[in-house]
Amino acid sequence: MDDNKIKEGVRLILEGVGEDITREGLIETPDRIARMYHELAAGYEDDPAVHLSKRFHAGSSDMVVEKDITFYSFCEHHMLPFFGKAAVAYVPDGEVVGLSKIARTVEVYARRFQLQERLTSQIADAFMKELKPKGVMVLIEAEHMCMSMRGIKKPGAKTVTSVTRGVFEEDEKLQNDFYRMLGR
């Protein structure tokens with residue numbers, strides 16, 4: 001990341017809205033924002049393949065579901081947060097990953113400027129590419145601050161996206177089992 005560009009951008013925004021960037025409360029704001037982006041946009045420097053490379057032999061090919069994975073991301077259109085919960089299910093083909101690796105894969109993609117639709121697909125595609133399961137299904141439900149605090153101003157409205165790959169694409173019973181496990 002280029003801290004100097006981030007700091008200059010913050011200064012320009014503050015000046016653009018009419019702030020005095022030399023006032024006490026704002027003097028260190030560009031530095032704080034640059035440091036913050038190292039955490040909030042860390043997904044650009046992370047590779048999901050690393051997290052999905054540690055695998056364990058599994059004798060079963062029963063569906064694995066991890067749900068209620070809290071995430072925070074940024075809308076690439078308005079640079080405002082969106083946040084919610086993800087659920088990831090996959091049907092192993094001989095190997096499984098540690099449960100924390102599922103959540104870490106969600107984090108890799110969430111910590112980038114995003115569209116929720118792309119985020120959902122990227123998670124599913126990473127599983128298919130790296131783990132090579134029989135299939136994967138991802139569901140994300142999120143509130144977008146660009147809808148809650150600006151524009152239409154509808155706090156609490158949720159956007160739901162889902163993606164199916166492999167056996168989930170054709171198997172309605174498998175999809176319904178996934179939804180049932182989510183309590184839907």
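Among the listed values (i) 55, 43, 24; (ii) 39, 33, 32; (iii) 63, 36, 19, the one matching Cα extents along the principal axes in Å as calculated from this structure is (iii). Ordered by 1.4 Å accessible area with all protein chains kept, His57, His144, His38 run largest first as His57, His38, His144. Note on exposure: Thr22, Thr164 ranked by accessible area (1.4 Å probe, complete protein assembly) read Thr22, Thr164, with the most exposed listed first. The base-10 log of I(q)/I(0) for region 67-107, evaluated at q = 0.23, 0.29, 0.34 Å⁻¹, reads -0.80, -1.02, -1.17 [Debye formula, identical scatterers on Cα atoms, solvent excluded].
Remark: region 97-103, residue by residue, has Karplus-estimated 3J(HN,Hα) of 10, x, 4, 5, 5, 5, 5 Hz, where x stands for each Gly or Pro and the curve is 6.51 cos²θ - 1.76 cosθ + 1.60 at θ = phi - 60°.
In this view, the solvent-accessible surface of Val64, computed with a 1.4 Å probe and all protein chains in place, comes to about 30 Å². In order along region 29-46, phi translates into HN-Hα couplings of 4, x, 5, 4, 5, 4, 5, 4, 5, 4, 7, 6, 10, 5, x, 5, 9, 10 Hz, rounded to whole numbers, per the Karplus curve 6.51 cos²θ - 1.76 cosθ + 1.60 with θ = phi - 60° and x for Gly and Pro. Of the trypsin sites (Lys or Arg not before Pro) found in region 93-155, the ones in coil according to DSSP and having at most 13 other Cβ atoms within 10 Å of their Cβ are Arg150, Lys153.
The values are calculated or read from the model by the stated rules, or taken from the named source; none is laboratory data. Note that the structure is a prediction, hence the values are computed from the model and not measured. Every residue, glycine among them, receives a Cβ derived from its backbone with ideal geometry; neighbour counts consider all protein chains shown. Side chains included, ligands, DNA and RNA excluded: accessible areas come from the protein's heavy atoms. Shrake-Rupley method; radii C 1.70, N 1.55, O 1.52, S 1.80 Å.
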